[in-house]
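For reference, the structure is listed below as structure tokens.
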Amino acid sequence: MPELPEVETFRRIMEKRALGRTVRRVLVGDRRILAGVAAVRLSRGLVGKRFSAALRHGKQAFLTVEGGGAVGIHFGMSGLPVILEKGEPEPPHSRVVFRFTDDTALVFRCPRMFGKVRLLQSANRFIEQRGLGPDALAADLRAFRKAMKPRKGAVKGALLNQSVLAGIGNVYADEVLFQTGIAPETPGERLDAEDHRRLHGNLRRIFTTSLRLETDWTAVPKTWLIPNRNRDGSCPRCRNPLRRGTVTGRTTFWCASCQSDRSENLYSGGTSR
DNA sequence: CTGCAGTCCTGGTGGC
DNA sequence: TGCCACCAGGACTGCA
């Protein structure tokens, strides 16, 4: 499930292996993966040109094309980039293949077809048109607080909303709420400045740790929620069974004893962490 | 404006 | 063991 750290890892792979090579041909294995561009136009826009930069904003990745334009890649829930060496066969579910003149290739694999490939005038214009919020990793505390400005709905909904902050998905939303001790359904307006400060700090730490581990979920600390988010999983802090339910339409794991909905703050100070 | 349910799609899994 | 219904996930659409 590519969220911000996974997409940043993908960006680095593409940066290392897709830049500076000339596109020889573009093969579209399934045109449903294309958004707003026909296969022919995508091909005509790229053949003979090189990718000049690999960018990322939230969960969106972009390969800028020399001479103007960019390819936008959204990985959906199962997408990933695969680099093919010369002579290496295409893996299953190769939806778009960017074949270079040196016979290596960049493949967009996307088994579950939730991803999208676009041909854009510019990455920044796309980000603006989509109304994407600030990148969740790049945002400083000031930008984070501004984005999370008091909202009535569940705090998890705000974290998942890409127009509030770009890059947080279901798994990391649960993780940051767990580590901050905030229940996922807590109304945003109930959070105070200290909650925001801790959410922001924890989010940055979680993302940078995940990046350092190259997003290998088997290697994340046992004290995190991620290794325990399964049926009959238990809280790594208090060992109580984790709750599993639906918040803003998404499967959610949380610990009822370690995560507070902040309502008791109204009449008892200092009990929550 | 805001939040939320429904929808897309397919591989993996739970349950029988 | 084999089969199948069901579920997950991100983001868009449409509704209240």
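The values are calculated or read from the model by the stated rules, or taken from the named source; none is laboratory data. What you see is a predicted model, and the numbers here were worked out from it, not measured in a lab. No Cβ is skipped: glycine too gets one built from the backbone with ideal geometry, and neighbour counts run over all protein chains shown.
Each row is one residue, and each column tells you yes or no for (1) surrounded by 20 or more Cβ atoms within 10 Å (Cβ to Cβ); (2) in the same structural domain as A:SER78 (by TED's automatic domain parsing); (3) basic (Lys, Arg).
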residue: A:VAL97; (1), (2), (3): no, yes, no
residue: A:THR104; (1), (2), (3): no, yes, no
residue: A:ARG125; (1), (2), (3): no, yes, yes
residue: A:ASP135; (1), (2), (3): no, no, no
Quiz prompt | Among (1) within 11 Å of DNA strand B (Cβ to nearest atom); (2) touching a residue at least 40 places away in the same chain (Cβ under 8 Å); (3) buried (at least 19 other Cβ atoms within 10 Å of the Cβ); (4) not hydroxyl-bearing (Ser, Thr, Tyr), the one test that A:ILE182 misses | solution = (1)
Quiz prompt | Sole exception among (1) of a type outside the set (Lys, Arg); (2) touching a residue at least 24 places away in the same chain (Cβ under 8 Å); (3) within 16 Å of DNA strand B (Cβ to nearest atom); (4) farther than 23 Å from A:ARG12 by Cβ for A:ALA166, by number | solution = (4)
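Would you mind stating whether A:GLY157 is of a type in the set (Gly, Ala, Ser) and either crowded, with 20+ Cβ neighbours inside 10 Å or under 25 Å from A:PRO236 (Cβ atoms) (or both)?
On the way: of a type in the set (Gly, Ala, Ser): yes; either crowded, with 20+ Cβ neighbours inside 10 Å or under 25 Å from A:PRO236 (Cβ atoms) (or both): yes.
Criteria met by A:GLY157.
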Quiz item: Counting just the residues of region A:57-77 that are assigned to a loop (DSSP other than H, G, I, E, B) and touching a strand residue (DSSP E or B) at 6+ places or on another chain (Cβ under 8 Å), which one comes out surrounded by the fewest Cβ atoms within 10 Å (Cβ to Cβ)?
Solution: A:GLU66
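Out of all the residues in region A:2-32, which are within 16 Å of DNA strand C (Cβ to nearest atom) and farther than 16 Å from A:VAL82 by Cα?
Taking region A:2-32 first, the residues within 16 Å of DNA strand C (Cβ to nearest atom) are A:2-11, A:30, A:32.
The answer is A:GLU3, A:LEU4, A:PRO5, A:ASP30, A:ARG32.
For region A:239-262, how many residues meet the condition of being in a loop (DSSP other than H, G, I, E, B) and either basic (Lys, Arg) or surrounded by 18 or more Cβ atoms within 10 Å (Cβ to Cβ) (or both)? Even if it seems obvious, please write down each step before you answer.
Looking only at region A:239-262, we keep the residues that are in a loop (DSSP other than H, G, I, E, B), and these are A:239-240, A:242, A:248-249, A:255-259, A:261-262.
From what's left, either basic (Lys, Arg) or surrounded by 18 or more Cβ atoms within 10 Å (Cβ to Cβ) (or both): A:239, A:242, A:248, A:255, A:258-259, A:262.
Final tally of qualifying residues: 7.
Is it the case, given these coordinates, that A:VAL171 is within 11 Å of DNA strand C (Cβ to nearest atom) and touching an Asp or Glu at 6+ places or on another chain (Cβ under 9 Å)?
Values: within 11 Å of DNA strand C (Cβ to nearest atom): yes; touching an Asp or Glu at 6+ places or on another chain (Cβ under 9 Å): yes.
Answer is yes for this residue.
Output the number of residues of region A:78-95 satisfying the condition of being aliphatic (A, V, I, L, M) and either without any contact (Cβ under 8 Å) to a residue 40 or more places away in the chain or buried (at least 21 other Cβ atoms within 10 Å of the Cβ) (or both). Steps first, please.
Taking region A:78-95 as the starting set, the residues that turn out to be aliphatic (A, V, I, L, M) are A:80, A:82-84.
From what is left, the residues that are either without any contact (Cβ under 8 Å) to a residue 40 or more places away in the chain or buried (at least 21 other Cβ atoms within 10 Å of the Cβ) (or both) are A:82, A:84.
Looking only at that region, the number is 2.
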